[in-house]
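See structure below.
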Amino acid sequence: MWSDVNPHWAVDNRHQTVWDTNIWCGLIGEKLLGSYFYEENLTARRYLTFLTNVLPLMLENYKYSKSNQ
């Protein structure tokens, strides 16, 4: 943090927050695709699983919902 009155004054802030959830979402045009929550650490294997198993279903649902408009 720093002071608005004295720009040379600063306080070292060592507080960190550990986040346990990652979220994936995409945009197609103006439509939000997703969101998909990773409850654990995001690893290459989990992301590959998402890309091969989950994302194709999301895209299929997007095509289906777009064709019904």
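The values are calculated or read from the model by the stated rules, or taken from the named source; none is laboratory data. Predicted model, so just to flag it, every value in this text is computed and none were measured. The accessibility values were calculated without ligands, DNA or RNA, using every heavy atom of the protein model including side chains. Shrake-Rupley method; radii C 1.70, N 1.55, O 1.52, S 1.80 Å.
May I ask you to list the residues in segment 29-66 that are among the aliphatic types (A, V, I, L, M), open to solvent by 90 Å² or more (accessible area, probe 1.4 Å) and part of a helix (DSSP H, G or I)? I'd like the intermediate steps shown before the answer.
First pass over segment 29-66, keeping only residues among the aliphatic types (A, V, I, L, M): 32-33, 42, 44, 48, 51, 54-55, 57-59.
This time we only want the ones that are open to solvent by 90 Å² or more (accessible area, probe 1.4 Å), so: 32, 48, 57.
If the condition is that a residue be among the aliphatic types (A, V, I, L, M), open to solvent by 90 Å² or more (accessible area, probe 1.4 Å) and part of a helix (DSSP H, G or I), then L48, L57 are the ones that fit.
If the requirement is being on the phi < 0 side of the Ramachandran plot and at pLDDT 85 or above, which of these qualifies: W24, W9, W2?
On the way: W9 fails: at pLDDT 85 or above; W2 fails: at pLDDT 85 or above.
Selected residue: W24, the only one of W24, W9, W2 that is on the phi < 0 side of the Ramachandran plot and at pLDDT 85 or above.
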